[in-house]
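The values are calculated or read from the model by the stated rules, or taken from the named source; none is laboratory data. Since the model is a prediction, treat every value here as computed from it, not as a measurement. Note that we place each Cβ from the backbone using ideal geometry, even for glycine, and neighbour counts take in every protein chain shown. The accessibility values were calculated without ligands, DNA or RNA, using every heavy atom of the protein model including side chains. Shrake-Rupley method; radii C 1.70, N 1.55, O 1.52, S 1.80 Å.
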Number of protein chains: 2
Amino acid sequence: MAKSSITINDIARELKVAPSTVSRALNNSNKISNATKRKIVEKAEELGYNLNMVAASLSRSQTNTIGVVIPYLNNYFYSQVVNGIEELAFNKGYRILIAQTRDSFARETEIMRTMSATRVDGIIACLSADTQSTEHLFKLIKNNIPLVLFDRVSFDFPCKKVTIDNYNAMQQSVTHLARSGYKSIAHLGGPTTCNIYTEHSKAFRETLKKEKLPLIPQFHLSSDLTEEDISEAMQIWFSLKTKPDAIITASSTAALLVSKFAREQNLSIPDDLALISLTSEPALCYVEPQITSIELPGTEIGKTTLEFLLNEIQNGAQNANTTIKPFQLIIRNSSFRNS
Amino acid sequence: MAKSSITINDIARELKVAPSTVSRALNNSNKISNATKRKIVEKAEELGYNLNMVAASLSRSQTNTIGVVIPYLNNYFYSQVVNGIEELAFNKGYRILIAQTRDSFARETEIMRTMSATRVDGIIACLSADTQSTEHLFKLIKNNIPLVLFDRVSFDFPCKKVTIDNYNAMQQSVTHLARSGYKSIAHLGGPTTCNIYTEHSKAFRETLKKEKLPLIPQFHLSSDLTEEDISEAMQIWFSLKTKPDAIITASSTAALLVSKFAREQNLSIPDDLALISLTSEPALCYVEPQITSIELPGTEIGKTTLEFLLNEIQNGAQNANTTIKPFQLIIRNSSFRNS
DNA sequence: AAATAATATGCAAGCGATTGCATGAAATTA
DNA sequence: TAATTTCATGCAATCGCTTGCATATTATTT
């Protein structure tokens, strides 16, 4: 921090007024005459004064900073969400402090601790895949720091949440595949420690049943969706006597990998194999055929989440309800036969 | 900020010691006996004490926060860089404050201003595409805030920079295409307000000459690389009598769009058209054929940049040199004919 | 014109840490 | 044992800004 920086006291001294007057003038308080305001603003300009937010934060017990906690930055959906948050925050005069959990519970806990110390005005978080307990979240509440969760939420925890109907996303996907004549549908799901993926799983099982399609246990996988996980699953599935004729992946990266695998194995999508991704990213449209996917309103989710948070910051804790955002199943060429 | 939070004074009072003793104990100063340290740490635990970093920052004139300023978050390369920064920062006990310029100079200026006010300990930035002046950067220096630039840098400005040899990247790309027998090479470049793109342009022209290939002015484009820009360029180029037989794009998104265009027009890559991208993202490997590209060490760049910055924070301003990071031209199937 | 209200400014106490200096007690040296 | 260090702790100022309350000045009301 600059040692020699100009403070309101310097301005006050030069102008022979009280520091409090300078403070009020610079904050455009209506208790200061326009003449003095002008004088002060000019002098501030002249001296190159720059507000010390740290001091202001301490004195106001408010930092105008929002903590954003996400699993990974390097992910289309999350960066869309952060985009939405950042845009709105910037306009409302808030800064954002970002940290990645990298899906580690330990990191998440540590992050919440340091964000508490930093006295962020509130936190927006998408829980890590291996978050098992909510003790660290309760500590936030105890420290009076409002929290809003999105996407991967913990229904145990009493706070506002913004998410989508994951059950329905899977249901629509399975139904669409069934209507398109696919019979043995497989699912590459995410870790079941996470609400999203358990909702997917449930919907997968129930919708297959409703559509009178078989649920082949081997075709119902749950993993961390790493490149190895995907590749292993493909190896196994496509060396079976009855192979899947459709795959629903929980992540778009997984879908892209499946599409690549299919090309390498000369499996035609969508003729031999249909493909649907439950999340989306632009690359899905750059491959051939383009991949059917669930489009999530990332930016919109970010904005809504921040709106809720700002509301809590200004008006205190609100009801702990869950807002369900709409999604769209965008049908591209990977999920229905042209015939 | 929590109104009712526990302070070191509360701990001091309960234990009948001085606040300074508590502060020293919690900072593990060696001037406090182990017995009192233990007592204090226990009591802190018991009361649920959580350091107020805002107060600590004010009093220490140091926030342990690094500002990160990038054009867009939602971009593979930048998120890699931020990844590298975040990882190292976390380990070193620094937080990161992120802001996007969205390639607007006005926003960049405003961001630098608020980051100064926030008293970040230093700033890492990749300049916006339309940054014309460096006045806002000089203000940082005047405020004693160290700055390190990466990727899109301003050579006018005296500070450490981390970048790659963009001239060489283009040179290698053109040479590779020439050696592979492509004759009319086109370039979809970025805005020339940016050092990167002017370096590309220069190398493009000079290398074509060296390779005794024609420089067709129409094939040397500079734009913002939006979807419309690309699509327009394609329309025009492929309605000419002599069409390009190779395209070098400045962004990977542009490359993916070209690849999509080619597929739609039944142009075979690499037979009818070669394609090289001067930046990289995973999607380049998901399309068919996979796209040759320049791979940049994003995470590495992030780490190095932060290391330089931390060094300046600790030891004061250093020499304003530029560090050139190595890149790799990864040749995939889009840039040489199989024959 | 006296009484009241509105306006503009100053005073001083915070906000919650950190830290240089002083001090008393215990340990070491001569 | 007296003199000198070393060790552990406390005192009080400081970081730069905000804000409730007091006060002086000017404007409005009756």
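Candidates in segment A:1-24 are the residues that are open to solvent by less than 50 Å² (accessible area, probe 1.4 Å) and more than 28 Å from B:I141 (Cβ to Cβ); of these, the one that is farthest from DNA strand D (Cβ to nearest atom) is A:V17. Within segment A:295-339, take every residue that is basic (K, R) and within 20 Å of the chain's Cα centre (by Cα) and give me the one that is farthest from A:L267 (Cα to Cα). Within segment A:295-339, the match that is farthest from A:L267 (Cα to Cα) is A:K303. For B:S268, the conditions (1) buried (at least 24 other Cβ atoms within 10 Å of the Cβ); (2) within 17 Å of B:G181 (Cα to Cα) all hold with the exception of (1).
Looking at A:L58, is it in contact with a helix residue (DSSP H, G or I) (Cβ under 6 Å, 6 or more places away or on another chain), open to solvent by 10 Å² or more (accessible area, probe 1.4 Å) and within 10 Å of DNA strand D (Cβ to nearest atom)? So A:L58 fits the description; yes. Of the strands (runs of 3 or more DSSP E) lying entirely inside segment A:241-336, those containing at least 3 residues that are of a type in the set (V, I, T) span A:246-249, A:322-325. Counting only residues that are under 17 Å from B:S201 (Cβ atoms), among the small types (G, A, S) and touching a residue at least 40 places away in the same chain (Cβ under 8 Å), segment B:217-271 holds 5 of them. Scanning segment A:44-80 for residues that are more than 16 Å from DNA strand C (Cβ to nearest atom) and in a helix (DSSP H, G or I) turns up A:E45, A:E46, A:L47, A:Y76, A:F77, A:Y78, A:S79, A:Q80. Among the conditions (1) modelled with pLDDT under 95; (2) away from DNA strand D (no atom under 12 Å from the Cβ); (3) more than 9 Å from every other protein chain (Cβ to nearest Cβ), the only one that B:S29 does not satisfy is (2).
If I ask for residues that are open to solvent by 10 Å² or more (accessible area, probe 1.4 Å), farther than 20 Å from A:M234 by Cα and in contact (Cβ under 8 Å) with a residue 24 or more places away in the chain, which ones from segment A:167-191 would you list? Steps first, answer last, please.
Taking segment A:167-191 and keeping what is open to solvent by 10 Å² or more (accessible area, probe 1.4 Å), we get A:167-168, A:171-172, A:175-176, A:178-181, A:183-184, A:191.
Now narrow it down to the ones that are farther than 20 Å from A:M234 by Cα: A:167-168, A:171-172, A:175-176, A:178-181.
Residues satisfying the conditions are A:Y167, A:N168, A:Q171, A:Q172, A:T175, A:H176, A:A178, A:S180, A:G181.
Just one of the listed residues (A:V69, A:V41) is aliphatic (A, V, I, L, M), more than 11 Å from DNA strand D (Cβ to nearest atom) and buried (at least 19 other Cβ atoms within 10 Å of the Cβ), and it is A:V69.
The residue pairs whose first member lies in segment A:46-71 and is facing chain B (nearest Cβ under 7 Å) and over 14 Å from A:I6 (Cβ atoms), whose second member is open to solvent by 30 Å² or more (accessible area, probe 1.4 Å) and assigned to a helix (DSSP H, G or I), and whose beta carbons are closer than 8 Å, counting only pairs six or more residues apart or on different chains, are A:M53/B:T114; A:V54/B:L58; A:L58/B:A55; A:L58/B:L58. For A:R119, the criteria (1) more than 10 Å from chain B (Cβ to nearest Cβ); (2) touching a helix residue (DSSP H, G or I) at 6+ places or on another chain (Cβ under 8 Å) hold in every case but one, which is (1).
Please find, among A:N315, A:N333, the residue that is open to solvent by 10 Å² or more (accessible area, probe 1.4 Å) and over 23 Å from B:S259 (Cα atoms).
Details: A:N333 fails: over 23 Å from B:S259 (Cα atoms).
Of the residues listed, the single one that is open to solvent by 10 Å² or more (accessible area, probe 1.4 Å) and over 23 Å from B:S259 (Cα atoms) is A:N315.
Quickly run through segment B:212-251 and pick out the residues that are crowded, with 18+ Cβ neighbours inside 10 Å and of a type in the set (S, T, N, Q). Answer for segment B:212-251, where residues must be crowded, with 18+ Cβ neighbours inside 10 Å and of a type in the set (S, T, N, Q): B:S222, B:S223, B:T249, B:S251. Residues that are buried (at least 24 other Cβ atoms within 10 Å of the Cβ) and of a type in the set (A, V, I, L, M) were ranked within segment B:252-265; the one that is farthest from the chain's Cα centre (by Cα) is B:V258.
Does A:A254 meet the test of being among the small types (G, A, S) and within 13 Å of chain B (Cβ to nearest Cβ)?
Details: among the small types (G, A, S): yes; within 13 Å of chain B (Cβ to nearest Cβ): yes.
For A:A254, the condition - among the small types (G, A, S) and within 13 Å of chain B (Cβ to nearest Cβ) - is met.
Note on segment B:271-282: residues that are of a type in the set (A, V, I, L, M) and either under 27 Å from the mean Cα position of the chain (by Cα) or open to solvent by 40 Å² or more (accessible area, probe 1.4 Å) (or both) total 3. Within segment A:142-156, residues that are within 14 Å of chain B (Cβ to nearest Cβ) have Cβ atoms under 7 Å from residues that are among the hydroxyl-bearing types (S, T, Y) in these pairs: A:N143/A:S116; A:N143/B:S5; A:I145/A:S116, counting only partners at least 6 apart in sequence or on another chain. Enumerate the pairs (first residue in segment B:115-133 and within 18 Å of B:L310 (Cα to Cα); second residue anywhere and open to solvent by 10 Å² or more (accessible area, probe 1.4 Å) and among the acidic types (D, E)) with beta-carbon separation below 8 Å, excluding pairs fewer than 6 apart on the same chain, so at least 6 apart or on different chains. Listed by first residue and then by second, the contacts come to B:G122/B:E312; B:C126/B:D151. Within segment A:1-43, restricting attention to residues that are part of a loop (DSSP other than H, G, I, E, B) and of a type in the set (K, R), the residue that is nearest to DNA strand C (Cβ to nearest atom) is A:K31.
In this structure, A:N75 does satisfy being open to solvent by 30 Å² or more (accessible area, probe 1.4 Å), at pLDDT below 95 and within 11 Å of another protein chain (Cβ to nearest Cβ).
Test A:Q100 against the stated conditions and say whether it is open to solvent by 20 Å² or more (accessible area, probe 1.4 Å), touching a Leu at 6+ places or on another chain (Cβ under 9 Å), within 9 Å of another protein chain (Cβ to nearest Cβ) and away from DNA strand C (no atom under 16 Å from the Cβ). Outline the logic, then answer.
On the way: open to solvent by 20 Å² or more (accessible area, probe 1.4 Å): no; touching a Leu at 6+ places or on another chain (Cβ under 9 Å): yes; within 9 Å of another protein chain (Cβ to nearest Cβ): yes; away from DNA strand C (no atom under 16 Å from the Cβ): yes.
It is false that A:Q100 is open to solvent by 20 Å² or more (accessible area, probe 1.4 Å), touching a Leu at 6+ places or on another chain (Cβ under 9 Å), within 9 Å of another protein chain (Cβ to nearest Cβ) and away from DNA strand C (no atom under 16 Å from the Cβ).
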